[in-house]
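To keep things clear, I will list the structure first and then write my remarks on it.
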Amino acid sequence: MHIMFDTLAVTKKLEEHGMTRLQAEAIVTVIRDTQSEFFTKEDAERLEERLNNKIDRNSIELNNKIDTLELRLTIKIGVLFIVILGVAGTLNKIFNIF
């Protein structure tokens, strides 16, 4: 992200505060050449949007996994219940317990 600024105005402002023209121009050149390394508000907003999208995707994936596990657990409990009923029925026939 490039930040637009008036290099001449900044150079003059630095000179007004006691810097030589050469020093002021060097500072402005460094700022201009390194501005791609700045982290701007727009960069932060894009990063936030990417992170929110990733969180949303992970949340959906996690909910799907929870739903799958819930279904598997329900099936296992149902099977266990049927087995218990079968064992109880068999014990009743053999020992006339119930």
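Out of the range 1-17, which residues are free of Cβ contacts under 8 Å to residues at least 24 places away in the same chain and assigned to a helix (DSSP H, G or I)?
Leu8, Ala9, Val10, Thr11, Lys12, Lys13, Leu14, Glu15, Glu16
What pairs come up if the first residue lies in the range 18-47 and is within 13 Å of Thr7 (Cα to Cα) and touching a residue at least 12 places away in the same chain (Cβ under 8 Å), the second is assigned to a helix (DSSP H, G or I) and not aliphatic (A, V, I, L, M), and their beta carbons are under 7 Å apart, counting only those six or more places apart or on different chains?
Ala24/Thr11; Ala24/Glu15; Glu25/Thr11; Val28/Thr7; Val28/Thr11; Arg32/Thr7
From (1) modelled with pLDDT of 95 or more; (2) in the same structural domain as Ile97 (by TED's automatic domain parsing), pick out the condition that doesn't hold for Ala44.
Failed condition: (1).
Residue under question is Val10, and the condition is that it be among the hydrophobic types (A, V, I, L, M, F, W, C), over 19 Å from the mean Cα position of the chain (by Cα) and modelled with pLDDT of 95 or more; does it hold?
In short, no.
Determine if the range 59-72 includes at least one residue that is touching a residue at least 40 places away in the same chain (Cβ under 8 Å) and either farther than 30 Å from Val10 by Cα or assigned to a helix (DSSP H, G or I) (or both).
no
The values are calculated or read from the model by the stated rules, or taken from the named source; none is laboratory data. Small disclaimer: the values here were computed from a predicted structure and weren't measured. Every residue, glycine among them, receives a Cβ derived from its backbone with ideal geometry; neighbour counts consider all protein chains shown.
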